[in-house]
Amino acid sequence: MKKLIASRVGAFYYENNKITPFEYDEAPTELIQNYKSRINHSSRIKNPCVRKGFLNGDKNRFNDEFVEISWDEAFDLIAKNLKHYYEKYGSSSIYAESYEWGGVGKIGWGRMLIHRLINTLGGGVFELGDYSTGSAIAAMPYVFGTPTVYERATDFKEIIRNAKVVVFWGANPFVTSKIAHDIPMHEHEKYLKEIAKSKEVIFIDVRVNESAKAMNAKTLIPNSNSDMAMAIAMCNYLYVNNLYDKEFIANHTTGFDEFRDYFLGKVDGINKDLAWASDICGISEVELKNLALKLKNNPSNILLGRSIQRQLNGEFNYLAIICLACMCGHISKDGLGIEFNLSSGCKGESAKNTESLKNINSLLGEIKGQNHYIPSSRLNECLLNPNSTTTYKDELIKYPDIKLMINACGAYFTHQPDSNESLKALNKLDCIITLEPFWTSLAKFSDIVLPVAIEGERYDIEQSTNKEILFALKPIKEPFYNALSDFTICKEIAKRFNKSYEFCKDLDELELVKMAYLDIAKRYEAKGICLSSFDEFLERGYEKVQGLSELEPYTRFKNISKINLIIKGKIAKYEIKDELASKYPLFLISAHSPYRLHSQLHNSDIRDSENNLEPVYLHTDLAKQKGIKTGDIIRVFNDRGELLAGARVIDDINPKSILIFQGAWWDKCDNMCINGNVNVLTCANPSSSVSNSNTAHTCKVDLEKFQGNLNQEIRVFKEPKIIKKPL
């Protein structure tokens, strides 16, 4: 019998080691094929393990052996360490932040459960903002008065009805919407294809990305990190030529005069005109002028990607483009203006009067301990400099003195910048506890490692991105070796503190799944919509809600009153400092990979590679200059570290930039990563004092053809040395 599995890359059926897409997925992605090799992959963790040196107090974690232990021994050891640090140092010594992804589900999502567990035990250290939108999530409330980043996006249907020109700026939706936090049905693709057929579509990116090719769209290829200069100069052009929407600026913005004085050069004597920007971005004055005129003179919408704000002064990169959109005057008009949430997660799909599933916190009540917070990309800084200070939204924050880290699906080395600095920072910790299905780089660097069940091995409940389908996650096979779900692990740890009732009312996963289903069924019943019984839902594996009606068309900022063009007293200013002024000549772009979900799926059989290494994409002219051809092994380096990658020579990338997709697992060999983990090279400098967020896309490097012999075995997908427990 075919077994339905739901995941963050889509739903699919699994039968006799064959994958077939779920019938309601409108554009199934090839990523579902990863499951076959992942579920029984050799890199899966088979039993709970403790690092051998940890047992005798040795903190030298690199290349240490592990000792298999029983689950009871693991739970007791974890409880002993947590109790010790809570009693001696308090909740500020416990770091309990995991990253956003991992396994899917409203009951069993690892990050949510670790948060709940630590709050149940007394609290810990958590993050402000996130890596995806760290600059924007801190800054946009000052501009619009609302969170804006993750709010409901303008309907694609409204853009199709009303826009003539659509600009995707730093966005690659065909790739970044392959995945979602819930179960993607990929409905958005048909809208993107309709936009491609009926609108003038322009992409702005340092390369012709996958979406631009799929939409057969024109691409402007600027120099990296020049987005702000482009936007400022187009604002200058519209103002000087009296082409901007004076009424919108006067009635719906504040702070424009300060910005105007800056771009006219009244502040520093530099007129930020098209010639000024052209020298910076490498786009001709004519093309910049034409883009400004197209945006102003046609019903248009600028769809921003998140890469723009993952740069130096990322908050103000967004702000400069918002200023441009304000001067064009289309904001608040149906389907027009600017949008922040249509480039990822299948947003903009048709919206109906659906209900949302409640998660464990909503069902049982949220728990709050004595918590402490740091900006999301500042953990290295915090660990290396405890009790020093930083800022978030320009408010002073004192770094706690963290002793213990507990995380689920954390993949620290593939999302925290500057891996070699991360190594030093993690060595400051007394104890690292990791819940993971696989022997990732962080798992190998941990002290206590617990094997986690993945989808197809545990119970949970989730819904599709358009909220029209409910999915029952259930075991289709026994968990791999000795794996347990994140839920079971956290409940067992809570038991050691006599707090399992507080954690989950002593319910099990299936009972909570049923509670969530009956809750949403009751809310649908109040609307006159009947769902199947829970037993029928569980048996079938999904419920497609019938009788839904379309919501009214939606445009973000439809009723906006004021847009503030100043963030904490600062306007959008283009500056060359820090990494931009580096001695290295090339920008390293670390975009989302079409072949994985951040670092997830990298250990699958369909992993993309060049000469068995992570690919590095470089322009034909740069390749000729360096004596490189496709397939060559390349050494990419800067002062922070170096990595090896396999060359792919292409024509449609900026000659001053190279591309290595983010998310490759770290395989350390001396100071070099031989598996292409870009965070060996990325810069840890913060965006600005507003968010103190990450600047992964402001990274300068150089490269050369690798002259050595790659004799070192690539061990990244192999388990460490393990002392097996007696049979």
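Only the coordinates and a few stated rules stand behind these numbers; no lab work does. Remember, predicted model here, so these are calculated numbers, not experimental data. So basically every Cβ, Gly included, is an ideal-geometry build from the backbone, and we count neighbours across all protein chains shown.
Assorted remarks:
- Radius, Kirkwood style, for the range 153-350 when every pair of distinct Cα atoms is counted (Å): 17.0
- Between helix 509-526 and the chain: long-axis angle, C-alpha atoms, 0 to 90°, nearest 10: 50
- Each other residue within a Cβ distance under 15 Å of residue 536 adds +1 if Lys or Arg and -1 if Asp or Glu, for a net charge of +1.
- The angle between the Cα long axis of helix 227-240 and the longest principal axis of the Cα atoms of the chain comes to about 30 degrees, rounded to the nearest 10.
- Peptides 7-15, 100-108, 224-232, 422-430, ordered by how many other C-beta atoms sit within 10 Å of their residues on average, highest first, read 224-232, 100-108, 7-15, 422-430.
- Contact order relative to length of the chain, as percent, for alpha carbon pairs under 8 angstrom and 6 or more apart: 21
- Note: relative contact order over the range 153-350, using C-alpha pairs below 8 Å and six or more positions apart, is 36 percent.
- A Cβ-based charge dipole, computed about the Cα centre of the range 153-350 with Lys and Arg at +1 and Asp and Glu at -1, lands at about 520 debye.
- Ordered from longest to shortest, the equivalent ellipsoid semi-axes for the range 476-623 are 44, 31, 22 Å, each the square root of 5 times a Cα gyration tensor eigenvalue.
- Helical contribution to [θ] at 222 nm, DSSP H n ≥ 4, -39,500 (n - 2.57), averaged over the chain, rounded to 500: -8000 deg cm²/dmol
- With a threshold of 29 Å on the Cα-Cα distance, the over-threshold entries among 2/178; 495/544; 213/347; 197/624; 347/629; 347/474 are 495/544; 197/624; 347/629.
- Degrees between helix 71-89 axis and first principal axis of the chain (Cα, 0 to 90, nearest 10): 60
- The separation of the range 560-627 from the range 308-351, counted between C-alpha centres, amounts to 20 Å.
- Reachable aspartates and glutamates from residue 527, criterion Cα separation under 19 angstrom, eight or more residues apart if same chain: 355, 468, 519, 543, 550, 552
- Three-way shape call for the range 302-441 based on the alpha-carbon gyration tensor, with the a/c threshold at 1.5: prolate
- For the chain, a Kirkwood hydrodynamic radius built from all Cα pairs, placed in the Stokes-Einstein relation at 4 °C and 1.567 mPa s, yields a translational diffusion coefficient of 49 µm²/s.
- Separation between Cα centres of the range 26-102 and the range 479-543, rounded to whole Å: 24
- For the range 437-501, the fraction of C-alpha pairs more than 16 angstrom apart is 61%.
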